Amino acid sequence: MQKSPVLELLRPELAGVEPYSTPQGAHPIRLDANEAPALLSARARARLAEVAAGTAWERYPSSQATDLRALAGARAGVAPEQVLLGVGSDELITMLLTALSRPRAGLDVPVILTTTPTFVMYRMSARVRGQRVIEVPLDESWDLSMSAMLAALGTVEPSLLFVASPNNPTGNRMSLDRLESLIEAAPRSLVVVDEAYIDYSGSDQRSLLSHPNVVILRTLSKIGFAALRVGWLVGPEPLVRELDKVRLPYNLPTLSQRLGALVLGELSDELDRTIEQVLTERRRVMAVLSELSEVSVTPSDANFLWVKGARPAEEVFQRLSSAGILVRSFHRYGGRLARQIRVTIGMPSENDAFLEAYRALS
Ligand SMILES: *Cc1c(COP(=O)(O)O)cnc(C)c1O
């Protein structure tokens with residue numbers, strides 16, 4: 001087939017990017033995506049179906065999503081005016097990158113600063129927009145390396161600084177005092193603190209919102225409702241108002257709004273129960289893994305564990321996969337990730353299956 005001339009119009013950066021894809025194949029046990037286990041009660045399922053059935057299918061969704069915004073704000077302890085809703089936090093990341101895309105004086109493109117390893121969407125979404133990404137390695141405890149961060153800030157002033165805390169894939173929170181120092185060291189940059197896993201951390205970082213250059217990202221995806229694609233950003237009202245101009249008019253589908261509001265309101269005890277059970281299982285799995293020789297597990301503030309074993313991660317991944325268990329391996333990145341896997345805390349039976357298979361290979 002003839003090569004289409006429009007391909008020449010593509011952004012050159014796209015050539016170096018792969019579409020986001022998830023592993024295919026039949027794995028009965030999927031502990032690879034940090035989803036919550038299926039712990040929803042029958043009563044909650046029935047309520048979700050009932051509310052879904054009342055949808056006005058011919059109507060566009062509400063553009064303001066007032067109910068859901070108020071509930072999301074209440075969960076973060078802020079007014080609805082400080083909340084921006086997105087189709088998952090992924091969409092909020094793209095809105096931030098789009099809105100804050102004026103290059104600084106003397107630069108031809110905006111610069112994004114983040115850590116490594118961390119959530120890939122900061123890098124991916126910035127790159128497909130032609131923005132420059134600087135990734136600063138975390139220290140040996142997977143915490144912020146202040147010397148490396150300050151050195152990077154000495155060479156270039158980023159527009160956006162993305163920090164996941166708790167971090168994915170390492171599971172730990174960044175030290176609050178280091179986060180504070182970072183925020184103060186970059187007063188003209190917007191620091192995005194991604195709290196996708198904060199419900200599993202037993203602490204909160206809300207105090208960071210007192211800085212005018214901070215926004216926080218939250219999501220329903222890791223606490224039982226990945227299917228809804230509901231995320232929210234909390235930040236200073238004047239900034240939220242500007243970011244809202246970048247949002248597509250009907251970004252959040254009616255079902256996500258209505259069911260999201262049900263979950264954060266009437267069914268919030270279901271969230272609490274899921275979080276509690278995951279924490280109980282996390283303690284149990286952690287304790288078993290810690291008994292194994294040559295295995296070390298990073299203390300986790302999230303619903304997954306960051307596990308270092310004696311064998312190459314690729315081999316561990318393959319052998320677990322043959323046993324029908326999917327985890328995440330980061331062997332492609334090499335270096336200090338070569339023996340690391342990330343395993344999501346699942347149902348007790350799934351965790352048992354993982355532990356048994358993992359034990360057999362270590
Ligand atoms: C999973 C994850 C997200 C994705 O959130 P969605 O709301 O599903 O888009 C965001 N940030 C981090 C750090 C994650 O691990």
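Per-structure values
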quantity: Cβ charges +1 (Lys, Arg) and -1 (Asp, Glu), total dipole of the chain, debye; calculated: 640 debye
quantity: Where labels lie 7 Å past Cα in the beta-carbon direction, separation of E140 and K308 in nm; calculated: 0.9 nm
quantity: Most fluctuating residue given options T280, T94, T344, as computed from a GNM of the chain linking Cα atoms under 10 Å; calculated: T280
quantity: Principal axis dimensions, the chain - Cα atoms, whole angstrom, descending; calculated: 58, 55, 53
quantity: Reach of K308 by Cα under 27 Å, taken over lysines that are not fewer than 8 positions away in the same chain; calculated: K222
quantity: Rounded percent of accessible protein surface that carbon and sulfur make up, the chain, 1.4 Å probe; calculated: 53 percent
quantity: Using θ = phi - 60° and Karplus 6.51 cos²θ - 1.76 cosθ + 1.60, couplings along region 234-249 (whole Hz; Gly, Pro as x); calculated: 10, x, x, 3, x, 6, 4, 4, 6, 4, 5, 6, 8, 5, 5, x
quantity: For region 206-211, Karplus couplings with θ = phi - 60° (6.51, -1.76, 1.60), whole Hz, Gly/Pro x; calculated: 4, 4, 5, 5, 6, 7
quantity: Whole-number accessible area per residue in Å² for region 96-237, which is evaluated in the context of all protein chains at 1.4 Å; calculated: 35 Å²
quantity: Probe 1.4 Å - accessible area at D204, Å² to nearest ten; calculated: 80 Å²
quantity: Protection proxy ranking of 188-194, 52-58, 288-294 - average other beta-carbon atoms within 10 Å, highest first; calculated: 188-194, 288-294, 52-58
quantity: For region 106-122, Karplus couplings with θ = phi - 60° (6.51, -1.76, 1.60), whole Hz, Gly/Pro x; calculated: x, 10, 8, 9, x, 10, 10, 10, 8, 9, 9, x, 7, 4, 6, 5, 4
quantity: Cut-off under 5 Å, modelled amide H: who pairs with I134 long-range; calculated: I112, L113, T114
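The values are calculated or read from the model by the stated rules, or taken from the named source; none is laboratory data. In this text the structure is predicted, and so the values were computed from the model without any measurement. Here Cβ is always computed from backbone atoms with ideal geometry, including for glycine, and neighbour counts include all displayed protein chains. What goes into the accessible areas is simple: the full protein's heavy atoms, side chains included, and nothing from ligands, DNA or RNA. Shrake-Rupley method; radii C 1.70, N 1.55, O 1.52, S 1.80 Å.
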